[in-house]
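Single-structure report; data block below.
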Amino acid sequence: MLEAKGEDGVDWLLAHQVVYKNPDGRFSARASWSASRGARFSPEANRAMVRDLLASRLQRCFLLVAAWFGAEWFMLRSVRALLRAADRMRGGDLKARTGIRYGGEELSQLAEAFDDMADALQQREQRLQEQAISDPLTGLYNRRYLNEFLPRELVRSSRNATR
């Protein structure tokens, strides 16, 4: 706070407050206030100032809540869907997909790439499974297929009481 005498001989109180400081150290926004030393404010002016300050705080709170909901709705929801699909894939579920609608933004492009990768892995797994149970020359099932198929069929026939 600073006290100064104006050119007209009136004593003034002057103050300023830094509102925002740039990362480089310079001050980019300041609030200044001045009043004559002998000035008296009316109760109506005081009430108006308090009302304006409260309204300003309420607006900031509303904007913060809106920004939080916007971030939740537009970004975090998609990130969580990607994480769930990645966890399912890590667990061996190659049918896991993100369920995110594809578009031009980065997260939907990432989801599309993830889903394409999951499709490619699922097709590769299916081809490997087919190669493991069939003869490459004749295409007939091999002994490995019989070892997998026979126990399943025996259980099924015992369930149905057919032998």
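The values are calculated or read from the model by the stated rules, or taken from the named source; none is laboratory data. Note that the coordinates shown come from a computational prediction; the quantities given were computed from them, not determined experimentally. We place every Cβ from the backbone using ideal geometry, glycine too, and count neighbours over all the protein chains shown. The accessibility values were calculated without ligands, DNA or RNA, using every heavy atom of the protein model including side chains. Shrake-Rupley method; radii C 1.70, N 1.55, O 1.52, S 1.80 Å.
Can you give me the % of accessible surface on the chain that is carbon or sulfur? Probe 1.4 Å, all protein chains present, nothing else counted.
Exposed carbon and sulfur together represent 58 percent of the surface.
Which of the following values of Rg and Dmax of the Cα atoms in Å was calculated from the structure shown: (i) 16.8, 56; (ii) 35.8, 116; (iii) 19.1, 61?
(ii)
Which one, Ala161, Asn147, Gly103, projects farthest toward the positive side of the charge dipole computed for the chain from Cβ point charges (K/R +1, D/E -1)?
Sorting the options by dipole projection puts first Ala161.
Which value, in debye to the nearest 20, describes the size of the charge dipole of the chain about its Cα centre when Lys and Arg Cβ atoms bear +1, Asp and Glu Cβ atoms bear -1, and nothing else is charged?
Value, rounded to 20: 780 debye.
How many angstrom lie between the C-alpha centres of segment 87-163 and segment 44-71?
Computed from Cα coordinates, the inter-centre distance equals 56 Å.
Rounded to the nearest whole Å², what accessible area per residue is found for segment 49-163 with the 1.4 Å probe?
Per residue, segment 49-163 has 84 Å² of solvent-accessible surface.
Only Cα pairs within less than 10 Å get springs; with that Gaussian network setup on the chain, which residue of Val19, Val50, Val79 has the largest fluctuation?
Val19
Could you work out the relative contact order of segment 12-102? I mean the mean sequence separation of Cα pairs under 8 Å and 6+ apart, divided by the number of residues, in percent.
For segment 12-102, the relative contact order is 16 percent.
Given springs between every Cα pair under 10 Å in a Gaussian network model of the chain, which of Gly104, Gly92, Gly25 has the largest fluctuation?
The residue with the greatest mean-square fluctuation here is Gly25.
Looking only at Cα atoms, what is the convex hull volume of segment 116-163 per residue, in Å³?
Looking at segment 116-163, the number lands at 98 Å³ per residue.
Under the rule of -39500 (n - 2.57) per DSSP H run of 4 or more residues, summed and divided by the residues of the chain, what mean residue ellipticity at 222 nm is obtained, to the nearest 500 deg cm²/dmol?
-19000 deg cm²/dmol
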